[in-house]
Amino acid sequence: MDRPDSLSSDDDELDDDRQNLIDQNDRKHHHHLLSPRSATTFQIDDGDHQQIRRRFTSLKLHDLFNKRSLVIFSIFIPLFVLILFFTTDIKSLFFSHLSVPSLSDSVADKLRESELRALFLLRQQQLGLFGLWNQSHLNSTSNLTNPDLADLKSSILNQISLNKEIQQVLLSPHSSGNSSDLRDPSLGGDRCGVVDQRFSERRTIEWKPESNKYLLAICVSGQTSNHLICLEKHMLFAALLNRVLVIPSPKIDYQYSTVLDIEHINKCVGRKVVVSFEELAEEKRNHIHIDRFMCYFSKPTLCYLDEEHLKKLKAVGVSFGSREPAWGEDVKKPSRKSVQDVQSKFSSSDEVIAIGDVFFADVERDWVMQPGGPLAHKCKTLVEPSRLIVLTAQRFIQTFLGKNFVALHFRRHGFLKFCNNKQPSCFYPIPQAADCIARVAERANAAVVYLSTDAAESETGFLQSLVVVNGKTVPLVKRPARNSAEKWDALLYRHGLEGDSQVETMLDKTISAMSSVFIGASGSTFTEDILRLRKGWGSASACDEYLCQGEEPNFIAENE
């Protein structure tokens, strides 16, 4: 490896200093040997030459040890040693054949190996860039079609990924030597082990409803994850009020039976605590009347319902009288409520009651968020994916991912504005996000990342090109489109659930909940539902975190 110019010039100056020192010492010692008449030159006459020759030939062994000889040796030996010191590498002279293996040898081997691999990758990148050059040259006289443009983008992203890989290879020998040790299970380096949820310490309430008392669940805010959270909170309210929970009609809400196993809830609790809307409608001869409509939220609208949803309730055979606010709660500023608050405000002897949407309700937060939820049951979780979805998720993992994988919820659509309204923002530039993902993948020692995202291909493609660990690209795997040759999704296909958006959403959650390590999106209810499942199933890892947790985006756009 070439040295920098500054180091080269310093070495040249050192050589000059050494030469001057040698010359000065030579002149100093020669000065004592010269005659007065030859102080500047060292000349020997023929007569002198003969005289010296005779003196050395007649020298006896014992003469070497007389005083005169000792003086001569005392002058020449230091001079000889001095010259030898500056002209010979003494260290290499003594130790060149006595090299002892050391820790530095393994580092040097790693450096050589990394450099050779980097050279190979650079050669591959060079060929790729030449291909791009030729392609751009051929298309310089004509407009690129969409397929050509897509191929060009893909090629460029591949080169970016290769470049990133080269950087990682060159840097890997210089990283901390302890990193590989920490990932070695034999050294006790399992930093991403399963978290003990301490299920035995759970605080729970028994759900023992009266058979003829019902709470009609109503959920209108947000998408699927919001509705599931709303449904879980309704379960707590039903338990506190000793009522059976009525699942909303699929005509005005989601088809919960396709994503949840309703009977699973009843089996886990050990009694009939949940019924479908159709069951109650059949019992009431298709006419369900809400005897008392008490609103948990009064702002911005009573029960957080608009006129359109009220009309939908009537359309499915639900009648009701006037709505009454239980208190002055605002969805934008909900106050914390206790069990006693709920029971005192919503207890009633009426047969069917409703309290409206409770997604934003803040009741016994620590109790509700504990692993397994606040209700007593004999299962891991009450609200979990249907058996078909769980089996499909397992088959997908066996086909594409294997046991040890990281799952990533990469929320992007509509998230930029949402995150930038928070302090700090949670929307990260792709290069920064890639570094965060790579760090978690390295910590988990995982070879693949399952990607659940709503991002555009331009973003996920760029992200993929930058996620590199120890010189190797970490694949970001998404669920592929339906292929009859693949059998992992055959169960959904046979039951007519293929392409159902709610089923696909729940499938993504289920796969992510089964991962070794999960990276979530801060502020997303989709992520929170996955974390709930992971805690309930006992799969939560010590390495679970939000994307770039503890960091702020290195660039934040201004608000409108």
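A few notes on this one:
- Restricting attention to the stretch 543-556, the residues being over 28 Å from Ser200 (Cβ atoms) and open to solvent by less than 50 Å² (accessible area, probe 1.4 Å) number 3.
- Test: residue in the stretch 492-505 that is touching a strand residue (DSSP E or B) at 6+ places or on another chain (Cβ under 6 Å) and either crowded, with 18+ Cβ neighbours inside 10 Å or under 12 Å from His409 (Cα atoms) (or both): no
- Residues that are modelled with pLDDT of 90 or more and loosely packed, with under 13 Cβ neighbours inside 10 Å within the stretch 194-219 comprise Glu206, Lys208, Glu210, Asn212, listed in sequence order.
- Counting only residues that are within 23 Å of Lys284 (Cβ to Cβ), in a loop (DSSP other than H, G, I, E, B) and hydroxyl-bearing (Ser, Thr, Tyr), the stretch 219-261 holds 2 of them.
- Residue match in the stretch 278-286 (condition: more than 29 Å from Thr381 (Cβ to Cβ), acidic (Asp, Glu) and open to solvent by 60 Å² or more (accessible area, probe 1.4 Å)): no
- Residue selection: Glu283 satisfies the criterion of being over 39 Å from the mean Cα position of the chain (by Cα) and at pLDDT below 95.
- Apart from one condition, Glu560 fits all of (1) open to solvent by 70 Å² or more (accessible area, probe 1.4 Å); (2) modelled with pLDDT of 95 or more; the exception is (2).
- Taking every residue in the stretch 543-560 that is more than 15 Å from Ala434 (Cβ to Cβ) and pairing it with any residue that is aromatic (Phe, Trp, Tyr) and outside any loop (DSSP other than H, G, I, E, B), at least 6 positions away or on another chain, the pairs with Cβ-Cβ distances below 8 Å are Asp544/Phe518.
- Residue check for Glu329: over 20 Å from Ile265 (Cβ atoms), more than 36 Å from the chain's Cα centre (by Cα), among the acidic types (Asp, Glu) and open to solvent by 50 Å² or more (accessible area, probe 1.4 Å): no
- Among all positions in the stretch 181-193, there is no residue which is at pLDDT 85 or above and open to solvent by 50 Å² or more (accessible area, probe 1.4 Å).
- Number of positions in the stretch 270-289 that are in a loop (DSSP other than H, G, I, E, B) and out of contact with any Pro (no Cβ under 7 Å at 6 or more places or on another chain): 8
- Matching residues, the stretch 524-542, being open to solvent by 10 Å² or more (accessible area, probe 1.4 Å), part of a helix (DSSP H, G or I) and in contact with a Phe, Trp or Tyr (Cβ under 9 Å, 6 or more places away or on another chain): Thr525, Leu531
- Note on the stretch 323-354: residues that are more than 15 Å from Tyr304 (Cβ to Cβ) and either in contact with a Phe, Trp or Tyr (Cβ under 7 Å, 6 or more places away or on another chain) or in contact (Cβ under 8 Å) with a residue 40 or more places away in the chain (or both) total 11.
Residue-by-condition table, conditions (1) more than 19 Å from Leu313 (Cβ to Cβ); (2) among the aliphatic types (A, V, I, L, M); (3) out of contact with any Cys (no Cβ under 9 Å at 6 or more places or on another chain):
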{"position": "Pro209", "(1), (2), (3)": "yes, no, yes"}
{"position": "Asn212", "(1), (2), (3)": "yes, no, yes"}
{"position": "Leu215", "(1), (2), (3)": "no, yes, yes"}
{"position": "Ile218", "(1), (2), (3)": "no, yes, no"}
{"position": "Thr224", "(1), (2), (3)": "yes, no, yes"}
{"position": "Phe237", "(1), (2), (3)": "no, no, yes"}
{"position": "Leu241", "(1), (2), (3)": "yes, yes, yes"}
{"position": "Val244", "(1), (2), (3)": "no, yes, yes"}
{"position": "Lys251", "(1), (2), (3)": "no, no, yes"}
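- Of the helices (runs of 4 or more DSSP H) that lie entirely inside the stretch 412-518, those containing 1 or more residues that are in contact (Cβ under 8 Å) with a residue 40 or more places away in the chain and acidic (Asp, Glu) span 430-444, 457-466, 501-513.
- Residue in the stretch 389-404 that is surrounded by fewer than 17 Cβ atoms within 10 Å (Cβ to Cβ) and over 29 Å from the mean Cα position of the chain (by Cα) present: no
- Taken over the stretch 374-420, the criterion of being small (Gly, Ala, Ser) and touching a helix residue (DSSP H, G or I) at 6+ places or on another chain (Cβ under 7 Å) is satisfied by Ser386, Ala393, Ala407.
The values are calculated or read from the model by the stated rules, or taken from the named source; none is laboratory data. Since the model is a prediction, treat every value here as computed from it, not as a measurement. In this analysis, Cβ positions are derived from the backbone assuming ideal geometry, glycine residues included, and neighbour counts consider all displayed protein chains. Accessible surface areas use protein heavy atoms only, side chains included; no ligands, DNA or RNA. Shrake-Rupley method; radii C 1.70, N 1.55, O 1.52, S 1.80 Å.
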